[in-house]
Amino acid sequence: MTQESYPNLTTLRQFVEIHNAGGMARAARHLGLTQPALSRNIKKLEAIIGAPLLDRHSRGTDLTAAGQSFLKHASRILLELEHGLEDARKTAGIARNELRIGAGAVFAHAVLPRILPAFDAAMPGYQVTVKTVPFETIEEVLSNRSVDLCIHGIPANASGALITQPIHRARRSILCAPDHPLMGLETPASASDLAAHPFVSFAPDRHQMRDLDRLFRLAMLNPPQIALEVDLLSPALDVLQQGRHLMYGSSLLAEFARDAGICVLDTEFELGQYQIGFSHSASTQLESGAKRLLSIARTTLQQA
């Protein structure tokens, strides 16, 4: 095969990002490209392979069977390259000065902005990147070293493949606009009251709604109505401000959303608490930058 028969690494990264971001439009925004430019690059990749990788339709894009097969190899190539660069630098005694953090949508918007300014001041010269990581893929992204640390809610059955360090205990809350009908109740809202209203949910933190689903089932009610699922925090707050929807989240999110005029609804039953923490793979050792971030996070959130 000639050199022109092989795709370059930039195109591989773009193809993998389309999958990670969940579509062409979001991937283009993450990559700093226009959607037509990204589409042209992928069409060149498809021409090299000789088969379509994406099924393009009115709702967005899906991977074809060929695309799913190629994704596994493209991801492996990029990870092996990253591991090779990292290992070569370690062998040469070159400090990495890079920290890659995985976080759910809420943590990326409501928690890390509290921590990173202090980290930047304490560790100048460090390059920090934050990647949105769905809860279900935390173990995968840590084991393949695509991120160094993940911040997330700690489940009761945490995996033995991960080392998890709790840093804060947060309360669960129901959020809504001040003019939502349930804010006008004279008594705290019941589970039946909540069940009568639609919810907005985060796609990356879908497991949060499963917790609420269990609470509803204990009350012998149908699962909550998920009227809208979004990927970013700002659109969710925009929807809440319209006064029709509810949102299930943490006290940390409630504090963050207060500036947008969002309130915490008083409920007649306890929604519970959960631990927030950082996890890393049990097969890797934390470097100095990651250790310093954990220390800063613990101090900052304990003061919250």
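The values are calculated or read from the model by the stated rules, or taken from the named source; none is laboratory data. Nothing here was measured: the structure is a model prediction, and the numbers come from that model. Note that each Cβ is placed from the backbone with ideal geometry, even for glycine, and that neighbours are counted across all protein chains shown.
Quick check on my filter: what residues within the stretch 24-37 are under 14 Å from G60 (Cα atoms) and surrounded by 17 or more Cβ atoms within 10 Å (Cβ to Cβ)?
Of everything in the stretch 24-37, those that are under 14 Å from G60 (Cα atoms) and surrounded by 17 or more Cβ atoms within 10 Å (Cβ to Cβ) turn out to be M24, R26, A27, A28.
Only one of (1) over 21 Å from the mean Cα position of the chain (by Cα); (2) exposed (fewer than 13 other Cβ atoms within 10 Å of the Cβ); (3) modelled with pLDDT of 90 or more fails for A118. Which number is that?
Every condition holds for A118 apart from (2).
Just give me the residues in the stretch 50-70 being exposed (fewer than 12 other Cβ atoms within 10 Å of the Cβ) and assigned to a loop (DSSP other than H, G, I, E, B), in sequence order.
Correct list: G50, S58, R59.
Being among the polar types (S, T, N, Q) and crowded, with 21+ Cβ neighbours inside 10 Å is the filter here; which residues of the stretch 247-263 pass it?
If the condition is that a residue be among the polar types (S, T, N, Q) and crowded, with 21+ Cβ neighbours inside 10 Å, then S250 is the only one that fits.
Considering only residues that are within 11 Å of V200 (Cα to Cα), of a type in the set (V, I, T) and either touching a Phe, Trp or Tyr at 6+ places or on another chain (Cβ under 6 Å) or assigned to a strand (DSSP E or B) (or both), which ones fall in the stretch 214-264?
I226, V230
Could you grab the pairs with beta carbons closer than 9 Å, sequence gap of 6+ or different chains, first residue in the stretch 263-284 and assigned by TED's automatic domain parsing to the domain that holds S143, second one basic (K, R) and in a loop (DSSP other than H, G, I, E, B)?
Between residues of the stretch 263-284 that are assigned by TED's automatic domain parsing to the domain that holds S143 and residues that are basic (K, R) and in a loop (DSSP other than H, G, I, E, B), the close pairs are S281/R145; T284/R145.
Going through S190, S159 one at a time, which residue ends up being modelled with pLDDT of 90 or more, touching an Asp or Glu at 6+ places or on another chain (Cβ under 8 Å) and surrounded by fewer than 18 Cβ atoms within 10 Å (Cβ to Cβ)?
S190
Provide a single number: the residues in the stretch 1-23 that are over 18 Å from the mean Cα position of the chain (by Cα), among the hydrophobic types (A, V, I, L, M, F, W, C) and surrounded by 14 or more Cβ atoms within 10 Å (Cβ to Cβ).
Result for the stretch 1-23: 2.
Among the helices (runs of 4 or more DSSP H) lying completely within the stretch 82-183, list those that include at least 1 residues that are farther than 30 Å from G261 by Cβ.
In the stretch 82-183, the matching helices (runs of 4 or more DSSP H) lie at 112-122, 138-143.
From A236, A227, which residue is hydrophobic (A, V, I, L, M, F, W, C), under 15 Å from the mean Cα position of the chain (by Cα) and not assigned by TED's automatic domain parsing to the domain that holds H152?
Step by step, each of A236, A227 is checked, and only A236 is hydrophobic (A, V, I, L, M, F, W, C), under 15 Å from the mean Cα position of the chain (by Cα) and not assigned by TED's automatic domain parsing to the domain that holds H152.
Check whether at least one residue in the stretch 77-87 is surrounded by 16 or more Cβ atoms within 10 Å (Cβ to Cβ) and either assigned by TED's automatic domain parsing to the domain that holds V147 or over 24 Å from the mean Cα position of the chain (by Cα) (or both), and report yes or no.
no
Read through the list (1) within 19 Å of the chain's Cα centre (by Cα); (2) in a loop (DSSP other than H, G, I, E, B), then give the number of the only condition that Y274 fails.
(2)
Output the residue which, of all residues in the stretch 1-38 that are in a helix (DSSP H, G or I) and of a type in the set (S, T, N, Q), is modelled with the lowest pLDDT.
Step by step, filter the stretch 1-38, then rank; the result is Q3.
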